[in-house]
Every structure is written in structure tokens, then in C-alpha cells.
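Note sheet for the following structure.
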Amino acid sequence: EKEEVPTIVIGSKPFNEQYILAHMIALLLENNGYKAEVKEGLGGTLVNYEALKKGQIHIYVEYTGTAYNNILKLDPPENWDPDYVYEKSKEEMLSRDGILTVVKLGFRDDYAIAVKKEFAEKNGLQKLSDLAPYAPKMVLGTDPEFATRPDGLPRIKEVYGFTFGDVKQMEPTLMYEAIKNDQVDAISAYTTDARVDLFDLKILEDDKGALPPYDAVILVKKDFADKYPEIIEILKKLEGLIDTNTMRLLNYKYDVEKKDAREIAKEFLVEKGLIS
Ligand code: PBE
């Protein structure tokens with residue numbers, strides 16, 4: 001083990017891929033002789049970001065649209081160009097907070113409003129605009145952030161002009177069961193979650209382009225990166241390695257097959273030849 005380097009602490013938000021990816025980073029570092037510790041479900045977006053700024057954690061996985069809107073509070077551009085959102089958030093996190101975007105993992109995990117397929121078919125719903133006459137009578141199930149984030153419900157209200165009759169906030173993983181069991185009528189689904197298809201949900205097309213793209217990126221504090229350049233080189237092995245379908249499959253193993261996040265991460269890295 002590399003004695004001079006402190007234990008590398010990896011934060012995560014409280015959901016499937018965040019656990020899997022945090023363990024993936026930890027395993028990769030451990031395989032290279034470092035000590036690593038995963039904080040599973042440390043908190044939401046701002047808890048992880050603040051902890052990173054303060055040096056309480058060293059690494060976590062964030063999403064470009066989340067950084068742009070929720071962390072940096074930047075105004076939405078005319079059109080959401082994923083490259084622009086990536087570049088702009090990368091630049092601003094670095095200049096404002098000394099946070100480095102080191103790797104784009106290769107997948108997007110977007111927010112999307114989903115309803116039951118059955119409900120969509122019965123009412124001829126294809127896109128978010130179609131929901132306007134129904135929403136005031138519907139209950140939306142969301143994660144703890146979507147209802148208040150500028151890129152969440154407030155943005156939908158602003159662009160589409162409707163709101164839901166009621167909003168129930170819950171842990172992300174519970175949204176899918178909640179709609180399956182008719183406890184809510186729509187959810188703020190994550191597009192990498194396997195349960196969208198498995199539970200016969202329909203994602204309503206964001207026809208007015210309200211919501212941003214969310215490319216997954218690894219964030220590290222710049223002073224830490226400068227001090228330990230080898231760690232950055234190791235993290236770069238994850239660049240573009242996980243496409244959206246792959247992430248959905250890994251999440252399936254966690255949520256449906258009930259496998260351990262660390263095991264899922266390990267299998268994946270072994271299969272890719274990145275750890276032995
Ligand atoms: N997301 C979409 C959110 C939750 C779902 C992954 C971009 C986030 O963690 O910011």
C-alpha cells in the first residue's frame with residue numbers, strides 16, 4: 001500500500017448507480033495499491049458537492065445537468081446542447097470552486113416524467129404537453145430533489161404551464177414501486193433505471209425541451225488532483241467505459257437481482273480487464 005497517500009474517500013447519492021460507481025472507483029484505486037472508502041448514500045447533490053469542496057470526500061460522480069442547474073444555478077440556454085452543458089459546468093466548477101471534471105463515464109441518466117403504459121394508452125399520451133389537462137388531478141412521486149430543483153418541477157411548470165395536483169417525495173428507489181402499486185400516477189423517473197421498462201412505464205417525451213441532459217462525470221478537487229496525478233490517470237481508465245444500456249444493466253443487477261453494489265462493480269471491472 002502507498003503509505004503517503006491518505007485513504008481516498010468516495011461520496012455518493014442515495015441510489016443504485018451511485019453505489020455501484022463509487023465502489024467501481026474504490027476497487028480500481030485499491031487494485032492500484034491505494035486505500036479507499038465508500039460513503040454509501042452520503043446525501044443529496046449539494047451535500048456531496050459541499051463535502052468535496054471542503055475535502056471531506058475526495059471523489060464522487062455527478063451529472064452535467066445537475067451541476068449546471070442545481071449546483072451552479074446557471075440560466076438555461078435556448079437549447080440544451082449536451083456538449084455545451086458539459087463544457088460550461090466543467091469550466092464554472094473549476095473557476096468558482098476548484099473542482100475538476102476528470103472523466104465522462106459515457107452514459108446519461110436523465111430525469112423523465114413517466115406514467116403507466118396503460119394510462120398513457122387509455123388517454124393517448126405521448127409527450128409532456130399531452131399531460132396538461134390531466135396533471136392537476138394527478139399525484140407525482142419524486143425523489144427528494146426534483147420537486148424544488150430549478151431543473152425539476154419548477155422548470156416543467158415554467159415551460160409547460162401545468163403543475164401536478166399533489167407531489168409525494170420519497171427515496172429514489174421507491175418511486176418505481178409507488179407507481180406500480182398506484183400510490184402515485186406519475187414519477188420523476190431516472191432513464192438508467194431498469195424498472196421503467198420492467199414495470200411497463202412510459203416516458204413522456206419532453207417535446208418542449210424543458211429538461212437538460214445529464215452526462216455522468218467524475219468530480220475531484222483540483223488540489224487533490226495536483227498532488228496525486230497518478231490517481232487521475234487511474235480514473236481516466238473509466239472514460240467512456242459505460243454507455244447508457246450498460247449502466248441500466250448494472251442497475252438491473254442491483255435493483256432486480258438484488259446483487260451487492262461492490263460485487264456488481266467488481267464483476268464489471270474484471271470483465272473489462274481493469275482489475276485482476
Ligand atoms: N439525475 C437524474 C439526478 C437524479 C436523476 C441522475 C441526473 C441527479 O442525481 O442529479
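The values are calculated or read from the model by the stated rules, or taken from the named source; none is laboratory data. Remember, it's a predicted structure, so these values are computed and weren't measured experimentally. Neighbour counts are summed over all protein chains in view; Cβ atoms, including those assigned to glycine, are modelled from backbone coordinates with ideal geometry.
This table checks each residue for (1) away from the ligand (no atom under 16 Å from the Cβ); (2) surrounded by fewer than 24 Cβ atoms within 10 Å (Cβ to Cβ); (3) of a type outside the set (S, T, N, Q).
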site	(1), (2), (3)
Thr7	yes, yes, no
Ala36	yes, yes, yes
Glu50	no, yes, yes
Gly55	yes, yes, yes
Lys73	no, yes, yes
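For (1) within 14 Å of the ligand (Cβ to nearest atom); (2) within 13 Å of Tyr111 (Cα to Cα), each residue gets a yes or a no:
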site: Gln169; (1), (2): yes, no
site: Asp193; (1), (2): yes, yes
site: Lys208; (1), (2): no, no
site: Lys227; (1), (2): no, no
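Counting residues in the stretch 242-249 that are over 24 Å from Ile71 (Cα atoms), charged (D, E, K, R), out of contact with any strand residue (DSSP E or B) (no Cβ under 7 Å at 6 or more places or on another chain) and within 16 Å of the ligand (Cβ to nearest atom) gives one or more.
Checking each residue in the stretch 57-71 for being of a type in the set (Phe, Trp, Tyr), within 10 Å of the ligand (Cβ to nearest atom) and in a helix (DSSP H, G or I) picks out no residue at all.
Checked against the criteria, Gly106 counts as out of contact with any Lys or Arg (no Cβ under 6 Å at 6 or more places or on another chain), closer than 22 Å to Glu17 by Cβ and modelled with pLDDT of 95 or more. Among all positions in the stretch 75-95, there is no residue which is buried (at least 17 other Cβ atoms within 10 Å of the Cβ), among the aliphatic types (A, V, I, L, M) and outside any helix (DSSP H, G or I). Inspect all residues belonging to the stretch 210-220 and state whether any of them is in a loop (DSSP other than H, G, I, E, B), among the aromatic types (Phe, Trp, Tyr) and within 16 Å of the ligand (Cβ to nearest atom). Yes, the stretch 210-220 contains a residue that is in a loop (DSSP other than H, G, I, E, B), among the aromatic types (Phe, Trp, Tyr) and within 16 Å of the ligand (Cβ to nearest atom). Residues that are touching a Leu at 6+ places or on another chain (Cβ under 8 Å) and of a type in the set (D, E, K, R) within the stretch 216-244 comprise Lys221, Lys222, Lys237, Glu239, listed in sequence order. Across the stretch 180-191, the qualifying residues are those that are crowded, with 17+ Cβ neighbours inside 10 Å and more than 23 Å from Thr244 (Cα to Cα), and the one among them that is farthest from the ligand (Cβ to nearest atom) is Asp185. When the stretch 48-87 is filtered for residues that are among the basic types (Lys, Arg) and either over 20 Å from Ala225 (Cα atoms) or touching a Cys at 6+ places or on another chain (Cβ under 9 Å) (or both), only Lys73 remains. When the stretch 9-34 is filtered for residues that are more than 15 Å from the ligand (Cβ to nearest atom) and assigned to a helix (DSSP H, G or I), the ones remaining, listed by number, are His23, Met24, Ile25, Ala26, Leu27, Leu28, Leu29, Glu30, Asn31.
Restricting Thr101, Thr148, Thr163 to residues that are among the hydroxyl-bearing types (Ser, Thr, Tyr) and part of a strand (DSSP E or B) narrows the list to Thr101. Cβ separations smaller than 7 Å between residues 6+ apart or across chains give the following pairs from the stretch 191-213 residues that are more than 13 Å from Val159 (Cβ to Cβ) to residues that are more than 16 Å from the ligand (Cβ to nearest atom) and among the aromatic types (Phe, Trp, Tyr): Ala194/Tyr252.
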